[in-house]
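Asks: Submitted below is the structure of interest, expressed as structure tokens.
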Amino acid sequence: MIDWTRQKKMDVDHGMTSAAAYEFICNMQPRKIAVFRALYLGDLLLAVPALRSIRTGFPGAEITLIGLPWAASFARRFSRYIDRFVEFVGYPGIQEVDADPEKCDAGLEEQRAYGYDLVIQMHGNGRVSDEFALALNGQVTVGYYEDMPPAGLTAGMPYPKDEPEVLRNLGLARLLGCPNLDPELEFPLFNEDRGEAARLLRKLTQANRPWIGLHAGAKSPARRWPAEYFARVADHFAQRFNAQIILTGSPIDESIVQILAKRMGIQPLNVTGQTSLGGLAALISELDLFISNDTGPAHIANAVDTPSVTIFGPVDPRRWAALDQSRHPIVRREVSCSPCEYSECPIDHRCLRWINPDRVIEVAEKLLLL
């Protein structure tokens with residue numbers, strides 16, 4: 001029988017190699033695995049390859065995703081990799097959810113009682129998230145850390161700051177010795193998704209191609225390329241290629257998209273706020289080209305293999321850009337203050353305002369004509 005107290009102390013004092021961690025975990029044959037990643041759409045899409053690898057490595061285990069409320073539908077869609085969803089109710093220092101002490105304590109107590117064999121911290125650098133993962137009291141806890149591993153972390157590695165996010169997530173699967181480390185994204189589409197997209201696309205006024213989608217919104221205002229710039233791109237492709245333009249977005253993007261539509265010289269198909277997540281993905285899968293800010297739907301385009309151009313502003317493209325730059329290129333203007341973590345630019349938003357529409361048109365045309 002494994003002496004867990006002695007084993008965990010050895011891991012903290014001396015560290016554990018990937019091979020040793022895998023042998024250790026295989027010997028215990030985890031039945032219940034928790035993956036903590038309480039983040040948003042793009043973050044979870046870039047975790048799918050790691051979830052796929054973990055499923056391959058532990059085919060008989062029950063895998064629970066601990067995430068934000070919206071991700072319950074994501075877990076159902078990816079049921080081949082996720083068996084169970086638990087809503088993250090907050091923890092002090094983790095900003096995605098306001099931490100109510102009573103709710104936090106009750107949530108932790110409930111998850112401790114469930115009895116996880118393996119907890120995988122896949123929520124950032126571990127500065128606070130390792131504390132939450134360890135508080136779940138799993139028999140084994142794995143994750144990245146900054147500087148020194150926290151007491152109790154069974155296996156971990158220093159947080160690789162400059163790696164692409166999808167590879168960083170796969171690094172944890174590799175640490176566990178899991179096979180199938182393919183970084184390709186995916187997004188399963190169901191019949192109802194395709195039906196929803198088909199009903200919307202029937203509203204196009206002409207039968208001609210190309211169909212070009214524009215996504216002018218983003219959760220963070222600092223990531224939004226000006227709507228009038230999107231309008232110039234739309235008019236160019238409508239005039240030169242006789243393209244039909246489809247405007248996408250969530251309900252919170254409606255005001256931005258209305259500005260975009262008013263600035264355009266042609267009439268687009270505006271489906272903003274009219275699609276479910278699956279319907280949006282199915283619609284993007286039917287397009288010839290998708291041009292987007294750096295936000296979740298850009299990763300959907302990658303996952304459904306639609307050629308796409310992503311416009312980057314304050315966010316580090318080394319972390320968030322698609323690995324395949326030939327099919328999913330980016331446009332970015334290097335400025336001294338980028339990357340940054342502001343959600344609203346405190347100066348003149350130069351990282352995006354200084355990107356001329358002609359640059360986006362040039363990159364998009366090359367992609368469209370391939």
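The values are calculated or read from the model by the stated rules, or taken from the named source; none is laboratory data. This is a predicted model, so every value here is computed, not measured. Note that we place each Cβ from the backbone using ideal geometry, even for glycine, and neighbour counts take in every protein chain shown. Calculation scope for accessible area: heavy atoms of the full protein, side chains included, ligands and nucleic acids excluded. Shrake-Rupley method; radii C 1.70, N 1.55, O 1.52, S 1.80 Å.
Asks: Can you name every residue in region 112-127 that is over 16 Å from residue 43 (Cβ atoms), of a type outside the set (Phe, Trp, Tyr) and assigned to a loop (DSSP other than H, G, I, E, B)?
Replies: Taking region 112-127 as the starting set, the residues that turn out to be over 16 Å from residue 43 (Cβ atoms) are 112-119, 127.
Filter again for of a type outside the set (Phe, Trp, Tyr), leaving 112-113, 115, 117-119, 127.
Correct list: 115, 117, 127.
Asks: For residue 330, indicate whether it is closer than 19 Å to residue 163 by Cα, open to solvent by 30 Å² or more (accessible area, probe 1.4 Å), modelled with pLDDT of 95 or more and not hydroxyl-bearing (Ser, Thr, Tyr).
Replies: On the way: closer than 19 Å to residue 163 by Cα: yes; open to solvent by 30 Å² or more (accessible area, probe 1.4 Å): yes; modelled with pLDDT of 95 or more: yes; not hydroxyl-bearing (Ser, Thr, Tyr): yes.
In short, yes.
Asks: Of everything in region 170-203, what is open to solvent by less than 60 Å² (accessible area, probe 1.4 Å), more than 21 Å from the chain's Cα centre (by Cα) and modelled with pLDDT of 95 or more? Give them in sequence order.
Replies: 195, 196, 197, 198, 200, 201
Every residue, every condition in (1) closer than 25 Å to residue 196 by Cβ; (2) in contact with a helix residue (DSSP H, G or I) (Cβ under 6 Å, 6 or more places away or on another chain); (3) open to solvent by less than 10 Å² (accessible area, probe 1.4 Å), yes or no:
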residue: 271; (1), (2), (3): yes, yes, yes
residue: 277; (1), (2), (3): yes, no, no
residue: 285; (1), (2), (3): yes, no, no
residue: 288; (1), (2), (3): yes, no, no
residue: 293; (1), (2), (3): yes, yes, yes
residue: 301; (1), (2), (3): yes, yes, yes
residue: 307; (1), (2), (3): yes, yes, no
residue: 319; (1), (2), (3): no, yes, no
residue: 324; (1), (2), (3): no, no, no
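Asks: Would you call residue 252 buried (at least 18 other Cβ atoms within 10 Å of the Cβ) and within 25 Å of residue 42 (Cα to Cα)? Reasoning before the result, please.
Replies: On the way: buried (at least 18 other Cβ atoms within 10 Å of the Cβ): no; within 25 Å of residue 42 (Cα to Cα): yes.
Criteria not met by residue 252.
Asks: When you check residue 160 against the structure, is it touching a helix residue (DSSP H, G or I) at 6+ places or on another chain (Cβ under 9 Å), open to solvent by 10 Å² or more (accessible area, probe 1.4 Å) and not charged (D, E, K, R), yes or no? Walk me through how you get there before you give the answer.
Replies: Working: touching a helix residue (DSSP H, G or I) at 6+ places or on another chain (Cβ under 9 Å): yes; open to solvent by 10 Å² or more (accessible area, probe 1.4 Å): yes; not charged (D, E, K, R): yes.
Yes.
Asks: Residues that are over 23 Å from the mean Cα position of the chain (by Cα), more than 30 Å from residue 274 (Cα to Cα) and not small (Gly, Ala, Ser): does region 121-135 have at least one? Explain how you work it out, then say what you get.
Replies: Just the residues of region 121-135 that are over 23 Å from the mean Cα position of the chain (by Cα), to begin with: 134-135.
Still in the running and more than 30 Å from residue 274 (Cα to Cα): 134-135.
In the following step, the residues that additionally are not small (Gly, Ala, Ser) were identified as 134.
Within region 121-135, one or more residues are over 23 Å from the mean Cα position of the chain (by Cα), more than 30 Å from residue 274 (Cα to Cα) and not small (Gly, Ala, Ser).
Asks: A follow-up question, please. Consider only pairs whose beta carbons are under 7 Å apart and that are at least six residues apart or on different chains; among these, list those whose first residue lies in region 57-77 and is farther than 22 Å from residue 25 by Cβ and whose second residue is of a type in the set (Phe, Trp, Tyr) and assigned to a loop (DSSP other than H, G, I, E, B).
Replies: Note: pairs meeting the criteria are 67/88; 68/88.
Asks: Now for a separate question. Can you tell me how many residues within region 144-162 are assigned to a loop (DSSP other than H, G, I, E, B) and either touching a Ser or Thr at 6+ places or on another chain (Cβ under 8 Å) or more than 15 Å from residue 122 (Cβ to Cβ) (or both)? Step through it out loud before you land on a result.
Replies: Pass one, region 144-162, residues assigned to a loop (DSSP other than H, G, I, E, B): 146-154, 159-162.
Subset that is either touching a Ser or Thr at 6+ places or on another chain (Cβ under 8 Å) or more than 15 Å from residue 122 (Cβ to Cβ) (or both): 146-154, 161-162.
Here the count works out to 11.
Asks: Could you please find all residues in region 83-94 being open to solvent by 70 Å² or more (accessible area, probe 1.4 Å) and either outside any loop (DSSP other than H, G, I, E, B) or at pLDDT below 95 (or both)?
Replies: 87
Asks: On to the next question. Identify the residue in region 142-157 that is modelled with pLDDT under 95 and of a type in the set (Gly, Ala, Ser) and, among all such residues, is most open to solvent (accessible area, probe 1.4 Å).
Replies: 151
Yes or no, residue by residue, for (1) of a type in the set (A, V, I, L, M, F, W, C); (2) more than 17 Å from the chain's Cα centre (by Cα); (3) closer than 16 Å to residue 184 by Cα:
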position	(1), (2), (3)
302	no, no, yes
348	no, yes, no
355	yes, yes, no
362	no, yes, no
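Asks: Before we move on, is residue 139 touching a residue at least 40 places away in the same chain (Cβ under 8 Å) and open to solvent by 30 Å² or more (accessible area, probe 1.4 Å)? Please lay out each step first, then the result.
Replies: Working: touching a residue at least 40 places away in the same chain (Cβ under 8 Å): yes; open to solvent by 30 Å² or more (accessible area, probe 1.4 Å): yes.
Spelling it out, residue 139 is indeed touching a residue at least 40 places away in the same chain (Cβ under 8 Å) and open to solvent by 30 Å² or more (accessible area, probe 1.4 Å).
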